[in-house]
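All remarks here apply to the structure that follows.
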There are 2 protein chains.
Amino acid sequence: MKWVKLMTNRVRRTMPLLPISIVMQLTELTARQIRYYEEHELINPARTEGNKRMFSLNDVDTLLEIKEYLDQGLNIAGIKKLYDTKEIPKNEKAEPKNLSDAELRKLLREELKHQARPFEKGGFRQSDLTRFFK
Amino acid sequence: MKWVKLMTNRVRRTMPLLPISIVMQLTELTARQIRYYEEHELINPARTEGNKRMFSLNDVDTLLEIKEYLDQGLNIAGIKKLYDTKEIPKNEKAEPKNLSDAELRKLLREELKHQARPFEKGGFRQSDLTRFFK
DNA sequence: ATTTTAATGTAAGAAAACATAACATGTTGT
DNA sequence: ACAACATGTTATGTTTTCTTACATTAAAAT
């Protein structure tokens, strides 16, 4: 059952949750910029069935990085080279990748349920999604 | 500076990030159900300028709770009574609430920056939003 | 000093996602 | 059988996001 931990860990950071409007607020980038960076393959946000971009927390991280790099004077090409050079997460390809989105979300919820949280100052919630984001 | 910790802690759980489509997936509730629960004041999702609902992680938690309670045979009225009875988080009102959304997001980003993360198996990110969700 | 190029701004038109409202349906309790 | 509750469904309008194309601005190259 070790892989479940690894899995949910990866899932919660890679699950596409955020629409572009929120990412704009979080990163203070314009939609144009975000799409431009995608065009140049610095990010690869998921798409809904209707073709709308959906971003993961990892995507947001990357965008914040890109912003910093640009501030530091790098250009897109340089940043891309940086990313291309980064060692590819080897574990990534070893993991069972053939899980549907639905299955992954179910996984998340399941672990939610089974990790009963004792109490909390302000109430007595039974479940808490936020535990999956660190 | 202690309140910043408290603040970001509260912020990351109450910041409206998720559109209803994602919440539907996360909770396996229909849009109709979610709106119905809001109508009966079990949740109170934020709204965009254009009136679209935006949900926080706390909202998702609450929805998962509601689902469980309904499964357990409670009805809306019962659940509402439960929530109304819950002690109101006293600290809530003591905290400086007069911060704009923009300021709160800035706060988040700032703390991101200053908490430089050493390294990571798969790369060398400089910032990481996910740290704000636990 | 022009001219390119890179990054971003802006506008138009179409489609997706979401809103409210009204009516329909299936369950449960009386 | 009826009433109330929870949810489904459909219609219609608005907001958000998409792609594409052209404009602008600043830096780099000529």
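FYI, it's all coordinate maths here, none of it is from the lab. It should be emphasised that the depicted structure is a prediction, and the values quoted were computed from it without experimental measurement. Note that we place each Cβ from the backbone using ideal geometry, even for glycine, and neighbour counts take in every protein chain shown.
Label point of residue A:28 (7 Å along Cα→beta-carbon): distances to the other copies' equivalent points are 4.2 nm, sorted ascending. Close amide H pairs (under 5 Å, H built 1.01 Å from N) link residue A:54 with A:46, A:47, A:48, residues at least 5 positions away or on another chain.
Would you mind checking the pairs A:52/B:52; A:80/B:52; B:52/B:80 and listing those with alpha carbons more than 26 angstrom apart? Pairs exceeding the cut-off: A:80/B:52.
For residue A:74, the point set 7 Å out from Cα toward Cβ sits 4.9 nm from its twins in the other copies, listed from shortest up.
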